[in-house]
Each structure stands twice: as structure tokens, then as C-alpha cells.
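Read the structure below first, then the notes.
The values are calculated or read from the model by the stated rules, or taken from the named source; none is laboratory data. Being a predicted model, the structure only gives us computed values, none of them experimental. Areas reflect the complete protein model, heavy atoms only, side chains present, ligands, DNA and RNA absent. Shrake-Rupley method; radii C 1.70, N 1.55, O 1.52, S 1.80 Å.
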Amino acid sequence: MQLDQKNVLLGISGGIAAYKTPDLVRKFKATGANVRVVMTDSATEFVSKLALQAVSGNKVSHTMLDEDAEAGMGHIELARWADVFVVAPATANTIAKLAYGLADDLLTTLALATKAPIAIAPAMNQQMWAAPATLTNIDILKSRGVFQIGPGAGEQACGDVGYGRMLEPIEIVEAIASKEFTSTYFEVNEAPILSGLNVMITAGPTREALDPVRYITNHSSGKMGYALATAAKKLGASVTLVSGPVNLKQPDGVNTIQIQSAQDMLDVCLSKVEGQDIFIACAAVADFRLSDIPQHKVKKKEGEDGLTLTFEKNPDILKTVASLDNPPFTLGFAAETQDVEKYATDKLTRKKLNMIAANDVSSSELGFNSDRNALTVITHEKSVKLAPDSKDSLAVELLKLLEQEYRLHKQ
Ligand code: PMT
């Protein structure tokens, strides 16, 4: 059980879904987790402290100014105790307070005081869920790494129908116990199989200028490449990440170099490739660039309804690196929407690579700009399927396969 002996701090805010929380506590306990509960004032109107105390086996915390509670496990101690802080139900009001760092009750104070990962299970009226303010607050929390569970859609207590229902207790527990959550938020001790190796990774899209104010690009978010960089670092490698423009935090301990165009990416890669043991090309590099980039902004012309642009081929970074005299071990990616493995195998041979990860990008659930992916890893001898999973988990699995192939190659 992924949650066995983990300390789950459950924060209950005041919505009708709070009536489900005794069951939620029971389901967490069934995984082997230790559970403590903190409630807002309004939550106590929907579910009794006594019931939660009975099912959790621990005193329920509710106010900052409770001498007994502070004499027992004080609020800072409680914040430190938690391995994960799950706010369920998370009302629109509590979500807004969490987004803006308010600390006017025990629940929100604990959210600021804890280092534990925070997960929220939103529950509110469908119109409140769809309100721009709520969606902005959710975006703020997600950008800080808060894990969102639901909401689901259906008939609501107020009679409305739509998104806003808190997910069922079992779904919340499964989300927290999932490999996706635990591998991202709990320290997973992997053997440092890449220790002593230098790994260079390209990630994200490239941006090709059309004039000083316009450009073309693609939907790559950089998530897969950044997940690989983070995983390679965790596995002991010394990592250089060459990244196109993305909206992601620089991975800790990774030498990250930001570039714009394919030519920039090639220049940086070639200037740093010496001494690299492994080169992973995960970037979605633009295949073409404008032949002549105008110096000034292109203006609409009277009487002309269209615009014709002439493009030329960009350099192929991966192929260039793989064709060096003493190339690093190369892993390419192949993003395809049809005949995925056939095209990937063709690229493996044509670009003279050691391995390629075939990436079916025909579904919006996987691949470009999604948190999840699935890959078929192809070498000259075999092919291995990595089932759909979070990009973080897949990155670790892919690097384990790469390490085996790298060692064989070096023999
Ligand atoms: O960034 P995310 O949103 O997380 O999405 C991840 C991803 C879908 C972008 C990633 O998993 C992926 O598949 N990356 C490769 C995308 C791609 O451009 O594939 P391709 O088939 O066009 O290129 C084949 C290989 O050559 C790739 O390794 C690519 O990095 C490399 N290439 C391509 C063109 C070029 N000019 N230079 C290159 O190095």
C-alpha cells in the first residue's frame, strides 16, 4: 500500500460534501495511513467533530485558540506531522484563501505552515466552479504544485447539474495512493544508476521568428523533457537541459540553458556536447524557419488579401549530434499521429540513433501539453512498451531502459 504508515492530515471546509468525510477518513485508514482532521468553523455545521474523532482515532483540531489542542499536538507540530495535507471538501472560499495565502483559521494556517504536498478536492455549486475567479485561483494553486482531485459532474445538492461535485471518498483515496501522486510527491528512493554520467536533454518547442513581433511554434509544453531532466538528476546524472520557451520551473540542480530558435538550440548543444555521455532529444524542434526574417514588422498592404512566406529547412539537431565523430549515446523521440512505430523506426535508422521513444500524439490525453504520456521505446534489437502514466513516472522508467542499453553499448 502506497499510503501505509503515511500521515494524512485531512482539512475539511464547510460544504454539504463534508458529510462524506467520516467515510473518507475510514477509507484512508484502510490503506494503513494515520489520519488527523482539522475543520473550519462552517465544516462543523455539516459534520460532527465527534464522528470524525471516532473514525480517525485522534482528537479533531478546529480552532487556533484551543489551549488543550495546543498543549497536545500544537498547530506547527501538526503541520510538520503531515506527509500529505488533503483538503476535502475544498470550498470556493477555502480555495481562494489558499491561493492568496490567507491564514485566518486553523486549516489555512496549517496550509501555510506545512511543507507537505497539498491536495484539494473541490466541491461547490457548478456556477461557482465555473466562475473566472475560482478558475484563476485553481491555476495559481496548480502552478505551485497543489494536486487537484476532481470535481466530478452530476446533479448537485442545490438542484443544478454540472461540474462541482466532490469526488467519492474512494476516488480521493485512490488519487492520493496512485503512483502518479506518490512518485511525484513522496521521496522515491531510486538507485543512482546514472551516477558519474553527463546527460544533455533538449526540451520544449522552438520559436521561429516571422518578423520582430511574430513567430511560429508548436504545442510542446516542455513537461516531458523537464520530467526527464528531473529524473536523470534524481538517478545521479549531471544534467544539462537545453530548453525552448516554456512555462515551467527550472529543475533543481540542473544546468538549464534557455534558447528560442532551432539554430540557437543547435549552437548551444554543439558548444556543450563534448564530454556528454548521453544525449536525449525530447524537444519539438520546428522543421522549418523563414528564409529571410524581415527587420521590421510586416504591415498589411492595401489591395493584398494574402501573404506568402518562404521557409527553409532548420538544421536537424539530433542528427547532427548523432553524426559527430565521437557521438554520445543518443535517444531520440518521434512524435507521430499515424504509423507511429514505423516512422519512429525509420528515424532511428536515418538519424543513426541508439534508441528512439515513439510517441503517439494523436490523442489530446497524452503527449503534447498533457501531464501524461505513453511511449514505445525502440532500439535496433527490440521494442518495449511503456503504458500510459504520468510524465514523471514514465521519465524514470525510460531512463532505466536507457541505462541498460547504454551499459550494453559500452561493453
Ligand atoms: O513538451 P511536452 O508537451 O511534454 O510534449 C512532449 C513531446 C510530445 C514534445 C515529446 O514527447 C516528443 O515526442 N518530442 C519529439 C517531438 C518531435 O519533434 O518529434 P519529431 O518526430 O519531429 O523529431 C524526431 C526527433 O528529432 C526528436 O527527437 C526531435 O527532438 C529531433 N529533431 C527534430 C527536428 C530537428 N530539426 N531537430 C531535432 O533534433
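Please figure out what share of the DSSP beta bridges in region 7-177 is antiparallel and state it in percent, rounded to the nearest 5. Of those bridges, close to 20 percent are antiparallel. In this structure S261 has an accessible area near 20 Å², from a 1.4 Å probe over the protein heavy atoms.
Rounded to the nearest 500, what is the chain's calculated 222 nm mean residue ellipticity when only DSSP H runs of at least 4 contribute -39500 (n - 2.57) each, over all residues? Present the calculation step by step, with values, prior to reporting the outcome.
On the way: 16 runs with 144 residues, N = 411.
Calculated at 222 nm, the ellipticity per residue is -10000 deg cm²/dmol.
Its alpha carbons give the chain an Rg and a Dmax of 25.2, 81 Å.
When the solvent-accessible surface of protein heavy atoms is calculated with a 1.4 angstrom probe, in what order do T320, T91 fall, highest first? Can you show the working numbers first?
Details: T320 50, T91 20 Å².
Final ranking, largest accessible area leading: T320, T91.
Projected onto their three principal axes, the Cα atoms of region 7-177 cover extents of 44, 30, 29 Å, largest first. In this structure, the pairs whose alpha-carbon distance is over 23 Å, taken from K27/K59; K27/K385; K272/K297; K27/K142, are K27/K385; K272/K297; K27/K142.
Below 8 Å between Cα atoms, with a sequence gap of 6+, how large is the relative contact order for region 349-411 in percent?
Averaging sequence separation for qualifying contacts and normalising by length gives 23 percent for region 349-411.
Largest accessible area first, the listed residues H380, H62 line up as H380, H62 when surface is computed with a 1.4 Å probe on the assembled protein chains. For region 230-349, the convex hull drawn through the C-alpha positions has a volume of 172 cubic angstrom per residue. Angle check, please: helix 223-234 long axis (alpha carbons) against the longest principal axis of the chain (alpha carbons), in degrees 0 to 90, nearest 10. Between the helix axis and the principal axis of the chain, the angle is about 80 degrees. If you look at the Cα atoms of region 128-231, you get an Rg and a Dmax of 19.9, 61 Å.
Hey, can you find the accessible area per residue of region 7-177 for me, probe 1.4 Å, expressed in square angstrom?
Working: 7520 Å² over 171 residues.
Ligands and nucleic acids excluded, the figure is 44 Å² per residue.
Extension gain for the segment Q295 to T320, taken as residue separation times 0.36 nm less the Cα-Cα distance, is 6.1 nm to one decimal. Counting only protein chain heavy atoms and rolling a 1.4 Å probe, the accessible areas of E302, E171 rank, largest first, as E302, E171. Solvent-accessible area assigned to carbon and sulfur over the chain amounts to 49 percent, based on a 1.4 Å probe.
Each principal axis of region 282-411 carries a Cα extent, and these read 64, 39, 25 Å when sorted largest first. Comparing mean-square fluctuations of A88, A191, A209 from a GNM of the chain with C-alpha springs under 10 Å, the top value falls on A191.
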